[in-house]
Amino acid sequence: MTELATIPAFLDRNAAEFGASAAYREKEFGIWQQWTWAEAKAEIEEMARGLILLGLEIGEHVAIIGRNRPQLYMSMVAVQCAGGIPVPLYQDAVGEEIAYVLGNCAAKFVIAGDQEQVDKVIEVRDRIEGLRHVVYLDGRGLRKYDHSEMSSMADLRTTEAESDRAEMDRRRAQQTGATTCVMLYTSGTTGKPKGVVLSHDNIVATSIASSNFDGLRQTDEVLAYLPMAWVGDFIFSIGQAMVTGFTVNCPESADTIMHDLREIGPTYYFAPPRVFEGQLTNVMIRMEDASRLKKRMFDHFMAHAKTIGPKLLDGEPVGAMDRLKYRLGELLVFGPLKNTLGLSRVRVGYTAGEAIGPELFDFYRSIGINLKQLYGQTEASVFITQQKDNEVRSDTVGTPTPGVELRIDESGEVFYRSPGTFVEYYNNPESTASTKDPEGWVATGDAGFIEDATGHLRIIDRAKDVGKMASGALFAPKFVENKLKFFPDIYEAVVFGNTRDRCVAFVNIDLTAVGNWAERNNIAYASYQELAQHPRVIETITDHVNTVNRSVAEDEMLSGCQIHRFLVLHKQLDADDDEMTRTQKVRRRIIEEKYADLIDGLYGDAEEVYTETDVTYEDGRKGKIRATVKMCDAEVVAVETKTLEAAE
């Protein structure tokens, strides 16, 4: 594989070979600050020695929580250099979620980004046995706190002593590829999150294979803005960054990401479908506000781009006039649009996390962005499949990443085996055994199939969510939900219908898009709830649902998943209310239980249903939302219903 077996070993190499090149950048107070690889190595080693002096022992867990900051990324490597195991947490996790992870991994130290994160740790500290010390990065607001078991990150950067360095070097010398590199927690879609133990071999092998696959290089730039607790961010911002030596850029805040994205102009970019959906929504909102001439020009060239853009990306032959017209569109529309999105320099772009709507996917490729799909999991160190250049399709997730093996079992569930396969679930041998067999095959929990002609993997849905309608027709809710979410007005959708005679759906409107529409049309509203139930909003959503039904009816296997009735939900689904995970995945079972009265209304003949819903406010207080929700009918296209067996 490589003579370099651990992340700290790659740090040494990068400092030696790329010492003067940028390793990290962050924007603070409107100014970009930079760390070279040589500076990053020096700071990381200072942190590591400081942690050893604080009493960190080999194999102990250190929780890291905060927004994307170079010092927090460096602290993860520092923990590794000191012999510890970094455990990044979601920065928007509430006290209960933090308490669970800290207790489950028996964390001895916490490195927190700022006062908000310190306060959450203090709130639950009495329940965490063995937690010894909290280190914070930003000390604003913490001056009067009790510092007997708390210190700043600056305090970790101690004056070098030979004994300190010798101990750090001794610990590093003991590390091998089998040493634990990081522990990352699953999103907990169906239950409590599980700690996924990943070794240096897992991270290094996967990072090398995936980087070679796309020709990533030291001069590439990435934007680190996704949750640090998510395995994808760890691979991109730690694994691949260390293996290739490229630069990791941290935006100033969540509110400035789009502006910072334009300033950096990443060459390697990843975003989940929801981010691409949000970007497209903003584009469509701006086009609605544009002059009639600009709107007509945008529509004209985009219609041309849908057929020509993907062909140019894939190197297919294109007529001279079509090529010339596309170049004109690039000058007038696509170029300025990509610049606005901050994607002008993207050489390799990926999306994953959940299925992306084909219309959304095709939009970005049509304007010349090399957007591809990958399929992965925390347990695989991300990469299971990737799409090769010139083999990019919206309906597959590509072929196996080099070194990965795939198979489909009799039930249709996807299994894989790879160098990135996780070691175990921490302190959970039962779940480990049920997920990974003795031969190393891992059950993904997803239903899919491999195309004989191309070798591409197609994912249908989560295996537990795929079922049968009462007629025996195949039920795959995600297929329909993704089509609904293509519309800028729709933020989220949840489809029900397993074992039922028909499908129904919940729809969440996108407050930004619909609010902008309401403003343009002089429609006043006082709340999300009021806007969601406005007759004209419901009329618009009905049109979208009817359009999706016509599209679904064209699919021979899934035509039975057309939506018969739907409602526009009176509140946004929220992770704080346990309706979604921190990675914004729908917790379908919880939603079914929580909104059982609304589902019954959709399957009955009620025109509206009064409901009371428990909610959690940002400050942690509990409350209720009361609403009368309208039940809406949709137009269903008559098709010949096929049973599951016949479809297969």
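The values are calculated or read from the model by the stated rules, or taken from the named source; none is laboratory data. Please read these numbers as outputs of a predicted model, since none were measured by experiment. When we count neighbours, we look across all protein chains shown, and the Cβ atoms used for this are built from the backbone with ideal geometry, even at glycine.
I'd like to check something: does the stretch 229-238 contain any residue that is in the same structural domain as GLU96 (by TED's automatic domain parsing), surrounded by 21 or more Cβ atoms within 10 Å (Cβ to Cβ), within 22 Å of GLU46 (Cα to Cα) and not β-branched (Val, Ile, Thr)?
Yes, because at least one residue in the stretch 229-238 is in the same structural domain as GLU96 (by TED's automatic domain parsing), surrounded by 21 or more Cβ atoms within 10 Å (Cβ to Cβ), within 22 Å of GLU46 (Cα to Cα) and not β-branched (Val, Ile, Thr).
Assuming GLY440 fulfils every condition listed in (1) surrounded by 14 or more Cβ atoms within 10 Å (Cβ to Cβ); (2) closer than 24 Å to SER211 by Cα apart from one, which condition is it?
(1)
Conditions: (1) touching a residue at least 12 places away in the same chain (Cβ under 8 Å); (2) over 26 Å from PRO266 (Cα atoms); (3) not in a helix (DSSP H, G or I). GLU3 meets all but one. Number of the miss?
Condition (1) is where GLU3 drops out.
Out of SER187, SER253, SER210, report the one residue that is crowded, with 24+ Cβ neighbours inside 10 Å and in contact (Cβ under 8 Å) with a residue 12 or more places away in the chain. Steps first, please.
Values: SER187 fails: crowded, with 24+ Cβ neighbours inside 10 Å; SER253 fails: crowded, with 24+ Cβ neighbours inside 10 Å.
From the options SER187, SER253, SER210, the qualifying one is SER210.
Based on this model, can you work out whether ALA505 counts as assigned to a strand (DSSP E or B), crowded, with 22+ Cβ neighbours inside 10 Å and either hydroxyl-bearing (Ser, Thr, Tyr) or touching a residue at least 60 places away in the same chain (Cβ under 8 Å) (or both)? Write out each step before concluding.
Numbers: assigned to a strand (DSSP E or B): yes; crowded, with 22+ Cβ neighbours inside 10 Å: yes; either hydroxyl-bearing (Ser, Thr, Tyr) or touching a residue at least 60 places away in the same chain (Cβ under 8 Å) (or both): yes.
Considered against the rule, which asks whether it is assigned to a strand (DSSP E or B), crowded, with 22+ Cβ neighbours inside 10 Å and either hydroxyl-bearing (Ser, Thr, Tyr) or touching a residue at least 60 places away in the same chain (Cβ under 8 Å) (or both), ALA505 comes out as yes.
Of these, GLY376, GLY403, which one is within 21 Å of the chain's Cα centre (by Cα), assigned by TED's automatic domain parsing to the domain that holds GLU451 and under 21 Å from GLY232 (Cβ atoms)?
Values: GLY403 fails: within 21 Å of the chain's Cα centre (by Cα).
The conditions single out GLY376.
Can you go through ALA627, ALA638 and tell me which one is over 23 Å from HIS534 (Cα atoms) and hydrophobic (A, V, I, L, M, F, W, C)?
Working: ALA627 fails: over 23 Å from HIS534 (Cα atoms).
Exactly one residue qualifies, and that residue is ALA638.
So which pairs qualify, if the first residue must be in the stretch 17-32 and more than 20 Å from LEU72 (Cα to Cα), the second must be in a loop (DSSP other than H, G, I, E, B), the Cβ gap must be under 8 Å, and the two must be at least 6 apart or on different chains?
These pairs meet every condition: GLU17/GLY245; PHE18/GLN218; PHE18/GLY245.
Anything in the stretch 482-502 that is in contact (Cβ under 8 Å) with a residue 40 or more places away in the chain and either among the basic types (Lys, Arg) or not in a loop (DSSP other than H, G, I, E, B) (or both)? List them, or say none.
We begin by selecting, within the stretch 482-502, every residue in contact (Cβ under 8 Å) with a residue 40 or more places away in the chain; these are 482-492, 494-497, 500, 502.
Residues satisfying the conditions are ASN482, LYS483, LEU484, LYS485, ILE490, TYR491, GLU492, VAL494, VAL495, PHE496, ARG500, ARG502.
Return the residue satisfying two criteria in turn: it lies in the stretch 138-156 and is in a loop (DSSP other than H, G, I, E, B) and either of a type in the set (S, T, N, Q) or surrounded by 10 or more Cβ atoms within 10 Å (Cβ to Cβ) (or both), and of such residues it is farthest from the chain's Cα centre (by Cα).
SER148
Could you tell me whether ALA473 is under 23 Å from ALA355 (Cα atoms) and not acidic (Asp, Glu)?
When the stated conditions are applied, ALA473 passes them.
Hey, any hits in the stretch 508-524 for a residue that's out of contact with any helix residue (DSSP H, G or I) (no Cβ under 9 Å at 6 or more places or on another chain) and more than 30 Å from GLU96 (Cα to Cα)? Give the derivation first.
Here is the first cut: in the stretch 508-524, the ones out of contact with any helix residue (DSSP H, G or I) (no Cβ under 9 Å at 6 or more places or on another chain) are 519, 522.
With more than 30 Å from GLU96 (Cα to Cα) added as a condition, the list becomes 519, 522.
Looking for residues that are out of contact with any helix residue (DSSP H, G or I) (no Cβ under 9 Å at 6 or more places or on another chain) and more than 30 Å from GLU96 (Cα to Cα), one finds at least one in the stretch 508-524, hence yes.
Among the helices (runs of 4 or more DSSP H) contained in the stretch 302-371, which hold 1 or more residues that are in contact with a Gly (Cβ under 6 Å, 6 or more places away or on another chain) and not assigned by TED's automatic domain parsing to the domain that holds PHE487?
Working: elements: 320-329, 335-341, 358-366.
Per the criteria, 358-366.
Looking at (1) out of contact with any strand residue (DSSP E or B) (no Cβ under 8 Å at 6 or more places or on another chain); (2) in a helix (DSSP H, G or I), find the lone condition where ALA470 falls short.
Result: ALA470 fails condition (2) only.
Each row is one residue, and each column tells you yes or no for (1) under 27 Å from the mean Cα position of the chain (by Cα); (2) crowded, with 17+ Cβ neighbours inside 10 Å; (3) in the same structural domain as MET76 (by TED's automatic domain parsing).
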{"site": "ALA15", "(1), (2), (3)": "no, yes, yes"}
{"site": "TYR24", "(1), (2), (3)": "yes, yes, yes"}
{"site": "GLY30", "(1), (2), (3)": "yes, no, yes"}
{"site": "TRP35", "(1), (2), (3)": "yes, yes, yes"}
{"site": "LYS41", "(1), (2), (3)": "no, yes, yes"}
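Only one residue in ASP600, ASP574, ASP543, ASP605 is surrounded by fewer than 16 Cβ atoms within 10 Å (Cβ to Cβ) and under 20 Å from GLY188 (Cβ atoms). Which one?
Working: ASP600 fails: under 20 Å from GLY188 (Cβ atoms); ASP543 fails: under 20 Å from GLY188 (Cβ atoms); ASP605 fails: under 20 Å from GLY188 (Cβ atoms).
Answer to the check: ASP574.
Hey, can you tell me all the residues within the stretch 508-535 that are in a helix (DSSP H, G or I) and of a type in the set (A, V, I, L, M, F, W, C)?
Listed by number, the residues that qualify are LEU511, ALA513, VAL514, TRP517, ALA518, LEU531, ALA532.
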